[in-house]
Structures are given as structure tokens and as C-alpha cells.
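Novice: Have a look at this one.
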Amino acid sequence: MLSPFPSLSRLTNLEYLDLYFNGIYGPLPHFDPLALAKLTDFVVPHNWLTGPISNLAVLTSLTYLEIDDNSFSGPLKPIFQLTNLIDTATVENNLLVGEIDQFTKDWLKKYSRLDEPNCFTTTTGEFHNPQSKLLCPSKLGC
């Protein structure tokens, strides 16, 4: 059964969210940073989530992020506004794009798994999807 992303606003003691393969669709809601101040793990792979990931940037306690195998789109950068906290992230198989600074590039190489169809180009510092004009020759990178 498919359903939109649930409201988390009343779960003020939530530390670990795991909605793996739950048939959730649509965009992420706006998260209340005060209500979710304790949230450290955000796990939502294998759903039908769409739209930008910018709403995740307010989750300032995140240390673990798993959003792979969805249809998130737009810039990857909002996740890495939190790079001083996040130590593990999986973001592959989305439609994320954007230029990445050197700090984030180094972080990605160290902590994240990036496979097709999201590819990270280490020479240019760009992150792109296969629908762009730049193509990914292998699952090991672009």
C-alpha cells in the first residue's frame, strides 16, 4: 500500500527513523528542527520519494543518512551542509545533480557509496545523473 511521507512533528524523542521499502511516495515534508533535534539516523531507501532533499538540511543531529533508490532530484549540496556530523551516507539511484566543493568531494570519497545512476566526477567536482549530457562509463565512478 502506498502512502505519503508520514508526519514526524509529534515524535520529539525520535532518534532513529527507518522506513526502508515502505511504499512511501512524494516529496519530503518540511521538518521541524526543534521537534526532530534528536534524530541521528534517517533511513528511507527503496521508496518512491521525489523532489529536492533541501528539507534534510534542518536535521542538524544526523550522523547516518540513507536515501538511495528513490527519485530525489535537484542539488546534492543541502545534505553536505551537515558534513561535520554525517559520517555515513548512501544516495545512489536518485536524480541528484550539482557542483561539489573540495571538502564535500573528499568527504564523498571517504564515506559515501556513489554508483550509477548518480555519478561523482572527481576531476571536475560535479555530481550528475545519467540524463545529463555527461555519461558514466562504469559503476566505479565517472
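The values are calculated or read from the model by the stated rules, or taken from the named source; none is laboratory data. Not measured: the values here are computed from a predicted model. A quick note on method: Cβ atoms are made from the backbone with ideal geometry, for glycine too, and the neighbour counts reach across all protein chains shown. In case anyone asks, the SASA skips ligands and DNA or RNA and just uses the protein heavy atoms, side chains included. Shrake-Rupley method; radii C 1.70, N 1.55, O 1.52, S 1.80 Å.
Novice: Taking the stretch 29-67 only, how many residues are closer than 22 Å to MET1 by Cβ and touching a helix residue (DSSP H, G or I) at 6+ places or on another chain (Cβ under 6 Å)?
Specialist: Result for the stretch 29-67: 0.
Novice: Can you tell me which residue within the stretch 40-74, out of those that are acidic (Asp, Glu) and part of a loop (DSSP other than H, G, I, E, B), is most open to solvent (accessible area, probe 1.4 Å)?
Specialist: ASP69
Novice: Only residues that are under 13 Å from SER61 (Cβ atoms) and not in a loop (DSSP other than H, G, I, E, B): list them for the stretch 1-39, please.
Specialist: Listed by number, the residues that qualify are TYR16, LEU17.
Novice: Check whether at least one residue in the stretch 63-86 is among the charged types (D, E, K, R), at negative phi and modelled with pLDDT under 80, and report yes or no.
Specialist: yes
Novice: While we're here: Could you identify the single residue in TYR16, TYR25 that is surrounded by fewer than 13 Cβ atoms within 10 Å (Cβ to Cβ) and either at pLDDT 95 or above or aliphatic (A, V, I, L, M) (or both)?
Specialist: TYR16
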